[in-house]
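Some notes on the structure that comes next.
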Amino acid sequence: MTELTTVVHDASEIVVGPGTDAPLEKHEDAALAVTDGRVAAVGPTEEITDEYPVENATHAINADGQSVIPGFVDSHTHGLFAGDRSDEFAAKLGGENYQDILAEGGGILRTVRAVREASDDDLLANLLPHLDTMLAHGTTTVEIKSGYGLDTKTELRMLDVIQRADEQHPIDVVPTFMGAHAVPKESDAEAYTDRMIGEQLPEVAEQGTAEFCDVFCEEDVFSVEQSRRVLDAGMEHGLTPKVHAEEFVRLGGAQLAAEMGAASADHLLHANEDDRTALAEAGVTPVLLPGTAFSLGADYADARAFLDDGGTVAVATDFNPNCHSQSMGFAIALACVGMGMTPAEALVAGTHGGARALDRAGETGTLREGMPADVAIIDAPSHIHVPYNFGVNTVETVLKGGEPVDGGGR
Ligand code: NIG
Ligand code: FE
């Protein structure tokens, strides 16, 4: 028998997702009915509550004066880590730069040392509160990368902890293997590439939890050729490619992502028109990470150039020890103010765009009929308040599969 899980009624607006002839498909004075955890109907409150009476619902939510939007899909994070790099944030403000810090054994390599020393339980205990924060800020699906192990044992441990977090937490966690995040101190890029292909990837595939394989294709990290070899091997093991591309210099990662049919190319601060065209033609989702540019004091990616060609982009947090924000609302505010996106474009990028970057378009990221009822209810009358009220969490209630999950839901 169908269960009427939830009815959200009398909302000022309900944003369904990207519109066909408007930036957003939305309804005013609206209600949303959830049966068996999925969206059954969205429309005028009277119509919906006639068909789905509020008194029959397990959860009835009066959203008077509030805006209902799809839960955010944060498609790029390195949210599993140990240690504290706040001092590097302060040092960068004092003029040091990210790549020099990494070259001196700090940055990613410092987090690698901390993660190798941490137990699995400590790693999980670090991650779960971050997921609580994300959920409280409206994120209902998040991608998390390994890549702070850089040896087989620790990479497998990270992927295992990511899976445990997915099982224990209401947020859907999507695991990405990123052995190619940096070159470990004990190796060089070429020898480490061989080891990833010969040793790490077969074991990651055998463990069977990772869905994507990502590489940091960057000057002094992994070359285009090394990146191609890792992603090729990943594909042979059933992992879909993703690429950290053109973050500090334009090296060719975007063209590689296009050539390989990657799910996404991420960062793209230095991508040019050829790169944008190649990505669009290959159907690769550009993932823009304005929080990273903000925290590095760098120029933002050219979001307008991607959007004005009619493309779909994703906006994500890039939550990691270098970009320490779990908030999609803040990323959306930066997307608007820093990258010139409209609130509607940024909202679509943080929901449907994120789903597309995770090969989940049509499965989450909108509130169309049949979709999981992953919902954020904004305590303000329109979605514009998400970026307008920057620096503040505007999300009051989160539904995961139609169930209210306030307070972390654990
Ligand atoms: O996407 N650019 C490479 N990787 C991360 C940073 C990870 C770190 O500094 O710990 C990023 O920004
Ligand atoms: Fe990253």
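Quick notes on this one:
- Helix-only [θ]222 nm of the chain, DSSP H runs n ≥ 4, -39500 (n - 2.57) each, per residue, nearest 500: -10000 deg cm²/dmol
- Filtered GluC sites (Glu not before Pro), region 1-44: DSSP coil and at most 14 other beta carbons within 10 Å: Glu3
- Of the beta bridges in region 72-357, as assigned by DSSP with both residues counted there, near 5 percent are antiparallel.
- Surface exposure of region 252-410, expressed per residue as accessible area with a 1.4 Å probe, stands at 35 Å².
- Taking 0.36 nm per residue of separation and subtracting the current Cα-Cα distance, fully stretching the chain between Ala189 and Glu55 would add 42.0 nm.
- Eligible aspartates and glutamates near Lys153 by straight Cα distance, threshold 17 Å, same-chain separation 8 or greater: Glu117, Asp120, Asp121, Asp122, Glu186, Asp194, Glu199, Glu203, Glu206
- Taking 17 Å as the straight-line reach from the Cα of Lys26, none of the lysines fall in range once those fewer than 8 positions away in the same chain are excluded.
- Projected onto its three principal axes, the C-alpha set of region 72-357 covers 44, 39, 39 Å, listed from the longest axis down.
- Rounded Å value of the spacing that divides the Cα centres of region 9-46 and region 350-390: 11 Å
- Top of Gly297, Gly94, Gly65 by mean-square fluctuation, Gaussian network on the chain, Cα under 10 Å: Gly94
- Accessible carbon and sulfur surface of the chain relative to its total accessible area, %, 1.4 Å: 46 percent
- FRET efficiency estimate (nearest 0.05) - Cβ-Cβ, Asp379 to Glu104, R0 41 angstrom: 0.35
The values are calculated or read from the model by the stated rules, or taken from the named source; none is laboratory data. From a predicted model like this one, the values you see are computed outputs, not experimental measurements. Every residue, glycine as well, gets a Cβ built from its backbone with ideal geometry; the counts of neighbours run over all protein chains shown. Please note that ligands, DNA and RNA were not included when accessible areas were found on the heavy atoms of the full protein model with its side chains. Shrake-Rupley method; radii C 1.70, N 1.55, O 1.52, S 1.80 Å.
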